[in-house]
Structures are given as structure tokens and as C-alpha cells.
Amino acid sequence: MDLLELMKTRRSIRKYLPDRVEKEKLLKIQEAGLYAPNPGGRQGTKIIIVDDPELIDKIGVVNASCENRNWGVGVSSDQPSIIDDISIKSGFYNAPALAMVCIRRDGFEKVNPIGSAFCCAENMVLEAYDLGVSSCIVGRAEATFRFPEMQALLDEWGLDPDYLPVVFVCLGYINGSYPKVKPRNEGRTLFIE
Ligand SMILES: Cc1cc2nc3c(=O)[nH]c(=O)nc-3n(C[C@H](O)[C@H](O)[C@H](O)COP(=O)(O)O)c2cc1C
């Protein structure tokens, strides 16, 4: 698909089939994240893929518990978020695969490491969509890993303790029909000549 068309039609998907995403596709999505722009060219992020639905649900329940779910603002009617539907238990919406982008705690990427992580996430959601895999960026990573049992998982996986997950990307195949493009708000551009 043309890149602009891909960007315009990608949506955040929160209804997933239990079908697993093929490992080759997950590896390509992970690789896409590695090629994101990064502050000072330092490539300070690490990208973990978790391909274990049970474990993802376990982390997802903790992730959802970190949100104040009374925003009073709707996120999506066709792909309800944990804000829209308080009966949703996992902040990862039962996605069968999950990417986690981690930054260095020691300031290795001198400026805006969080921005760096989100650039990785954006690369990954676009690559996923191009591969026919649906996705949703999810936050609350730092809050999720403040729980000792969650931090213990990072230790178990052998993640260098200098690294801290800051953003998640849910990955899976959509359950149902793909939602339409959302219209853009007016007045968001200026063009200076
Ligand atoms: C920085 C950031 C954080 C987000 N965090 C969440 C989240 O925690 N949970 C969620 O369901 N969606 C999250 N999203 C997805 C947004 O809700 C979604 O992009 C937005 O509603 C626009 O919908 P669209 O992606 O389908 O166009 C996040 C997106 C971004 C960019």
C-alpha cells in the first residue's frame, strides 16, 4: 500500500482474535522499530516482543489497574478502550502478542528518550499494518513496572536493569471488520511560503 494511504487508514484495534501472529511477522515488526529516528543517533532503545498470550494478559490486567478509568471522554465507539468499557480486564485487550519499547534509565539518549521510544512504536504499528497485523499503542508502562512482580519479570527475561519499558504495542489479528478512517480535526495545519 502507498505509505500515505497506509498512515491514513491505520486504526488502533482493540478487538483481537486469539490467532497467533506468525514469528516472521513479529520479527519484521521488531526490526521496523530498530530503524526509527533516535536522539543523537544513539539507538538507545530496546524492543522486547512477548509472544505468550497468558503472560500478556497477566501484565495487561496490571496495566489496566494503573489507569483512572473515569475520564468522562469517549476514546472509540467501534474499538472501545478500557476508558470506554470498564468491563475490559486487560489493558492489552487480549492481544496475542505484545511489543515493549524500553529506554535507558541513565540518560544515554541525552534528549527526549520517551519521544525516541514512541518513534519506534510508530514504525512498528505501520509495519504491522502493512503486514496485515492490527495494533494499538498503549501507555502506562512505567506505572505497570513499578509493581515488584512486574519488575521481577524483566529480571527473569534478563533485561539489563538500566532499561525501563515506556510504551507497549499490542499486536494481533482483528476480530470483526476494520474500522473506518477517523476524520481529522479542522485547523491543524499551517503552510508558510
Ligand atoms: C502516546 C499514545 C498513548 C496511547 N495510549 C493508549 C492506551 O493506553 N490505551 C489505548 O487503548 N489506546 C492508546 N492509544 C491509542 C489512541 O487511543 C488512538 O491512537 C487514538 O484514539 C486515535 O485512534 P486511531 O489510532 O484509531 O486513529 C495511545 C496512542 C498514543 C499515540
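Based on Cα contacts under 8 Å between residues 6+ apart, the chain shows a relative contact order of 33 percent. Placing +1 on the Cβ of every Lys and Arg and -1 on the Cβ of every Asp and Glu, with no other charges, gives segment 3-172 a dipole of roughly 380 debye about its Cα centre. Across the cross-link table entries Lys25/Lys110; Lys15/Lys58; Lys58/Lys182, which are compared at the Cα atoms, the separations over 26 Å belong to Lys25/Lys110; Lys58/Lys182. For the chain, the carbon plus sulfur part of the accessible surface works out to 53%, probe radius 1.4 Å. Scaling the Cα radius of gyration of segment 1-103 by the globular reference 2.2 N^0.38 Å produces a ratio of 1.22.
Listed values for segment 133-143 are Karplus-derived 3J(HN,Hα) couplings in whole Hz (6.51 cos²θ - 1.76 cosθ + 1.60, θ = phi - 60°), namely 9, 8, 7, 8, 6, 10, x, 6, 5, 5, 5, and x replaces Gly and Pro. The DSSP beta bridges internal to the chain are antiparallel in roughly 95% of cases. For a straight C-alpha distance cut-off of 12 angstrom, the aspartates and glutamates reachable from Lys89 (same-chain residues fewer than eight places away being disregarded) are Asp57, Glu67. Sparsely packed loop sites in segment 36-132 (the chymotrypsin sites (Phe, Trp or Tyr not before Pro) outside DSSP H, G, I, E and B with at most 13 other Cβ atoms within 10 Å) comprise Trp71. Taking other residues whose beta carbon is less than 14 angstrom from the beta carbon of Asp85, and scoring Lys, Arg as +1 and Asp, Glu as -1, yields +1. Listed by number, the DSSP H helices of the chain that run 20 Å or longer by alpha-carbon position along their axis and have mean Kyte hydropathy of at least -0.5 are 113-130.
According to the calculation over all Cα-Cα pairs in the chain, the P(r) per 5 Å bin from zero is 1, 8, 15, 19, 20, 18, 11, 6, 2, 1, 0 %. Highest-first packing order for the peptide set 43-54, 152-163, 132-143 is 132-143, 43-54, 152-163, based on the mean count of other beta carbon atoms within 10 Å.
Heavy atoms of the protein chains alone define the surface here; on that basis segment 80-193 has 52 Å² accessible area per residue at 1.4 Å probe size.
The values are calculated or read from the model by the stated rules, or taken from the named source; none is laboratory data. Computed from a prediction, not measured in an experiment: that's the story for all the values here. Note that each Cβ is placed from the backbone with ideal geometry, even for glycine, and that neighbours are counted across all protein chains shown. Ligands, DNA and RNA are stripped out before the accessible areas are found, and what is left, the full protein with its side chains, is counted by its heavy atoms. Shrake-Rupley method; radii C 1.70, N 1.55, O 1.52, S 1.80 Å.
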